[in-house]
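A.B. asks: Let me begin by handing over the structure; questions about it come next.
Quick note: the coordinates plus some simple rules give every number you see, no bench work behind them. As the structure is a computational prediction, the values presented were derived from the model and not from experiment. Here Cβ is always computed from backbone atoms with ideal geometry, including for glycine, and neighbour counts include all displayed protein chains.
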Amino acid sequence: MKLPVALIQKAEAEFARNPAEVARVRSHIANSSAVALDGAEHVAARRAMIVASSRDPASLAFERYLGNNDLLSINYLQVGTAQARAVGRIRYFDKREQRTAFATGFMVSPELMLTNHHVFPVADPAAFAAFADDACIAFGFEFGIDGKPCVPVVHALDPTAFLYAFEALDLAIVAVRPLDATGQHPLSTQGYLVLNGALGKAGTGDFATIVQHPDGQEKQIAIRNNEIIDNSLADVLIYKSDTAPGSSGAPVFNNEWQVIALHSAGVPKQDTQGRYLDKDGRVIDVVDGGVDEARVVWLSNRGVRTSAIVQHLRATPAVALHPLGQIFASPAYTDNRAFAALPALPALPALPVGPQSAGAPAAAPFARVEIRISIGAGAPVVQMLAGPPATAALSSAVDMEKKLEDDRDYSRCLGFDEDFMGVHIALPVPGPKLRKQLAFLKNNPSACVLKYHHFSSIQHALRRVPVLSAINVSGKHRFAALGSATRQDQWLRDNRIDYAAQLDDAWYANSGFDKGHLSRREDAEWGQTLTAARTAADMTCSYANAVPQVPGFNRAVFGQHGQWGELEMDLLEQGVAHEGGKAARICVFTGPLFDADDPVHASVQVALGCFKVVAWYAGDGTLRATAYRLSQQKLVGGIAFEVLNFDRLFKLEQKPLKWIETATGLQFPAVLKKADTFHAA
């Protein structure tokens with residue numbers, strides 16, 4: 001395949017960097033946080049995209065984007081194999097060059113294939129016929145698991161049904177015949193790749209994957225060696241490939257196997273005279289304004305952004321108004337993660353055809369089937385859940401609650417965002433002594449962090465309450481519709497750790513204690529949509545986010561004026577209202593202060609003090625951290641403690657962060673200790 005020199009020159013103008021500059025860019029990326037590279041707004045968009053599309057737990061996928069974890073779930077290979085089915089080798093006879101040409105293309109709808117404009121630089125079917133002969137795309141032109149070549153399925157291209165090419169974005173879309181050359185294989189068996197037009201699919205430093213047919217060879221994959229080094233351009237992504245040659249028209253994927261770009265042409269290696277060089281240092285001749293793509297050594301590769309492609313297609317009448325092009329504007333055209341496959345429903349008893357014979361057993365009652373329909377940004381999702389037979393209701397509310405606890409899905413929860421403030425604020429780390437007393441995740445005995453929406457917690461296995469709850473609070477993306485009148489708290493235990501390591505309704509019943517939120521419901525009540533905000537708020541009603549608090553400590557309506565709530569109001573709502581330079585964001589760390597002399601209620605020692613650490617920005621944009629200790633010791637007179645011995649007054653005190661560390665066994669990040677506002681005076 002020949003690449004137009006004009007296309008290469010355009011790439012050079014967009015990313016004019018020599019090898020030394022590229023190396024410096026990569027070094028900067030390796031030593032910078034995602035927020036520093038992409039900005040907080042893009043990080044939020046990337047986070048939302050991961051939640052919607054990730055095929056493994058979104059928390060793990062987001063950690064990969066942040067650079068904290070480069071491991072991939074094993075299903076990455078399975079999903080990639082499925083996505084690669086839609087990628088094929090284009091072959092045609094080039095009438096200009098009088099030789100066979102090869103490229104890569106991929107299906108982007110049930111009927112349409114996408115490749116580069118420089119593959120088919122034509123405007124209409126007549127020009128296509130004058131340019132190419134016997135144009136087709138072969139799927140399955142690859143090696144099988146046994147190492148032997150597979151038998152490809154070949155479909156002819158059909159430019160008379162649809163053809164659109166646009167040079168500025170180097171794209172061409174051509175219809176494909178619905179049956180292969182043998183007439184036995186429908187095109188639908190190959191599937192297609194969705195072009196998601198929303199931003200947030202790629203981040204600087206992410207590794208891109210390219211599925212391709214380089215120089216017409218069997219299908220190959222350039223996996224995780226294409227580092228995105230420039231994410232700032234409106235229409236293109238720039239990525240560095242150390243080893244893999246590119247292929248015109250190939251799809252570029254992110255870690256979630258979303259198409260992030262259409263592979264085009266990048267910046268090639270040149271000599272001092274500006275001549276293009278191959279891997280052996282030989283000059284590649286320019287013939288009729290083009291160079292041989294197979295010989296080019298790329299300093300950087302370039303892909304046309306999926307978002308730019310979709311935006312253009314939706315705004316172009318020739319595409320948007322065409323019956324085959326209307327799909328790109330359809331709400332059902334989405335790559336959001338599909339609802340998890342559900343097990344097959346048990347077979348219903350057969351309906352009697354006629355009167356039942358005497359003595360025949362009566363038919364069992366039909367099972368109840370609950371249908372839930374969710375309509376969000378993507379296609380409607382329908383979930384059918386088999387319920388118990390009509391005569392077999394759940395035995396009690398306890399059974400129902402247990403089922404809700406067992407069924408709750410946390411896979412999309414990303415937890416506390418350490419880069420939320422625009423500077424990296426790590427989650428406090430339990431010290432060695434405290435770590436021995438924590439509840440660890442059932443599926444990961446080395447992990448103790450429970451991730452929810454906007455917040456994370458760490459649970460004490462013996463005290464059965466959290467040692468820490470950390471939350472990101474945003475003054476934006478809040479919804480007036482989520483007022484106190486809509487609040488319905490449903491407290492559940494977290495199924496990721498042992499239920500025995502958590503308090504429950506049975507413990508709180510008649511105890512005199514409230515379930516005191518550590519991370520407040522109001523603080524989690526934000527998100528891109530009202531549904532997301534409500535879901536995040538509802539998740540704060542977890543026993544792994546609560547400690548026993550007496551009513552005067554927890555409620556504003558009691559005589560002590562809800563001191564805990566007042567402190568939150570002062571530091572959080574007012575802080576958010578006055579803080580304007582950092583997108584109205586603060587981070588809050590809350591937890592109990594354990595003491596060996598804490599009283600015991602129903603076999604559980606109850607901490608009578610709590611701490612709160614707030615990270616915020618002052619009016620001059622300086623990061624600040626303020627730590628408080630709050631005690632409820634004076635308020636516990638109505639609690640039936642097995643041991644009761646207090647003489648200290650109710651206290652609200654600011655403390656140095658170092659004091660909080662000593663009292664809790666948690667190690668806070670240096671950035672917060674440096675920003676501590678405490679002064680002994």
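A.B. asks: Given Cα pairs under 8 Å that are at least 6 residues apart, what percent is the relative contact order of the range 253-299?
C.D. replies: Dividing the mean separation by the residue count of the range 253-299 yields 33 percent.
A.B. asks: For the residue pair residue 462 and residue 97, what label-to-label distance in nm results when each label sits 7 Å from Cα along the Cα-to-beta-carbon direction?
C.D. replies: With each label point 7 Å from Cα toward Cβ, the separation is 7.4 nm.
A.B. asks: Taking 0.36 nm per residue of sequence separation and subtracting the Cα-Cα distance, how much length would be gained by fully extending the chain between residue 168 and residue 436, in nm to one decimal? Don't jump to the answer; show the numbers that get you there.
C.D. replies: On the way: separation 268, 0.36 × 268 = 96.48 nm, distance 6.05 nm.
Gain on stretching residue 168 to residue 436: 90.4 nm.
A.B. asks: Let me ask you something else. Can you list residues from other chains, or at least 5 along the same chain, whose modelled amide H is less than 5 Å from the amide H of residue 226?
C.D. replies: Close amide H contacts, sequence-distant or interchain: 208.
A.B. asks: Something else now. Amide H neighbours of residue 413 under 5 Å, at least 5 residues apart or on other chains, H built in the peptide plane: list them.
C.D. replies: Residues meeting the amide H criterion: 58, 59.
A.B. asks: Explain nothing, just compute: Karplus ³J(HN,Hα) = 6.51 cos²θ - 1.76 cosθ + 1.60, θ = phi - 60°, for every residue of the range 438-451 in order, whole Hz, x for Gly and Pro.
C.D. replies: Result, ordered by residue: 8, 8, 9, 5, 4, 8, 7, x, 9, 10, 10, 8, 9, 9 Hz.
A.B. asks: Roughly how large, in nm² to one decimal, is the mean projection of the convex hull of the alpha-carbon atoms in the range 49-191?
C.D. replies: 11.2 nm²
A.B. asks: Now a separate question. Step through the residues of the range 84-101 one at a time and calculate ³J(HN,Hα) from phi using the Karplus curve (6.51 cos²θ - 1.76 cosθ + 1.60, θ = phi - 60°), rounding each to whole Hz and writing x for Gly and Pro.
C.D. replies: 5, 4, 7, 9, x, 8, 7, 9, 7, 8, 7, 5, 6, 8, 6, 7, 6, 10
A.B. asks: Output ³J(HN,Hα) for the range 404-417: one whole-Hz value per residue in order, computed from phi by the Karplus curve 6.51 cos²θ - 1.76 cosθ + 1.60 with θ = phi - 60°, and x for Gly and Pro.
C.D. replies: Result, rounded to whole Hz: 4, 5, 5, 8, 4, 9, 9, 5, 8, 7, 9, x, 4, 8.
A.B. asks: Strictly over 29 Å apart at the Cα level, which of 436/658; 402/433; 201/442; 201/673; 436/655; 451/515 would you flag in this model?
C.D. replies: Cα-Cα > 29 Å for 402/433; 201/442; 201/673; rest within.
A.B. asks: Measuring from label point to label point, each 7 Å out along Cα→Cβ, what is the residue 81 to residue 671 span in nm?
C.D. replies: For the pair residue 81/residue 671, the computed spacing is 4.1 nm.
A.B. asks: Here's another thing I want to ask about it. Among residues other than residue 10 whose Cβ falls under 14 Å from its Cβ, what is the net charge (Lys/Arg +1, Asp/Glu -1)?
C.D. replies: After counting each charged neighbour, the total is -4.
A.B. asks: Once amide H atoms are placed 1.01 Å from N in the peptide plane, what residues at a sequence separation of 5 or more from residue 162, or on another chain, have their amide H within under 5 Å of its amide H?
C.D. replies: Answer set, sorted by chain and number: 175.
A.B. asks: Count charges around residue 508 for me, please; just the other residues with Cβ under 10 Å from its Cβ, Lys/Arg as +1, Asp/Glu as -1.
C.D. replies: -2
A.B. asks: Using Cα-Cα distances under 8 Å and only pairs 6 or more residues apart, what relative contact order does the range 407-479 have, in percent?
C.D. replies: Numbers: 93 pairs, mean separation 21.5, N = 73.
Once normalised by length, the contact order is 29 percent.
A.B. asks: Largest first and to the nearest Å, give the Cα extent of the range 279-319 along each principal axis.
C.D. replies: Rounded to whole Å, the extents work out to 45, 24, 11 Å.
A.B. asks: Residue 137: net charge of surrounding residues, Cβ under 9 Å, Lys/Arg +1, Asp/Glu -1, itself excluded?
C.D. replies: +2
A.B. asks: Find which of 42, 68, 20 sits farthest along the positive direction of the dipole of the range 12-78, computed with +1 on the beta-carbon of Lys and Arg, -1 on that of Asp and Glu, about the Cα centre.
C.D. replies: 68
A.B. asks: Something else about it: Between residue 487 and residue 528, what is the FRET efficiency for a Förster distance of 25 Å, r being their Cβ-Cβ separation, to the nearest 0.05? Can you show the working numbers first?
C.D. replies: Working: r = 21 Å, r/R0 = 0.82.
Between residue 487 and residue 528 the formula returns 0.75.
A.B. asks: Let me ask something additional. Mind giving me the FRET efficiency for residue 282 and residue 199? R0 is 35 Å, r the Cβ-Cβ distance, nearest 0.05 is fine.
C.D. replies: My answer for the efficiency is 0.25.
A.B. asks: Separate question: Could you rank the peptides 665-678, 11-24 by their average count of other C-beta atoms within 10 Å per residue, with the highest value first? Don't skip to the end; give the middle numbers.
C.D. replies: Numbers: 665-678: 16.9, 11-24: 14.1.
So the peptides 665-678, 11-24, ranked by packing, come out 665-678, 11-24.
A.B. asks: Right, here's the next one. Pulled fully out, how much extra length does the chain show between residue 314 and residue 148, if you take 0.36 nm times their separation in residues and subtract their Cα-Cα distance?
C.D. replies: Net length gain for the segment: 55.6 nm.
A.B. asks: Using 7 Å Cα-to-Cβ label points, what is the residue 218/residue 297 separation (nm, one decimal)?
C.D. replies: Label at residue 218, label at residue 297, 2.8 nm between them.
A.B. asks: From Cα pairs below 8 angstrom and at least 6 apart in sequence, can you work out the relative contact order of the range 260-326, rounded to a whole percent?
C.D. replies: 36 percent
A.B. asks: Place a point 7 Å from Cα of residue 269 in the direction of its Cβ. Which residues in the range 287-316 have their backbone N less than 16 Å from it?
C.D. replies: So the set is 292-301.
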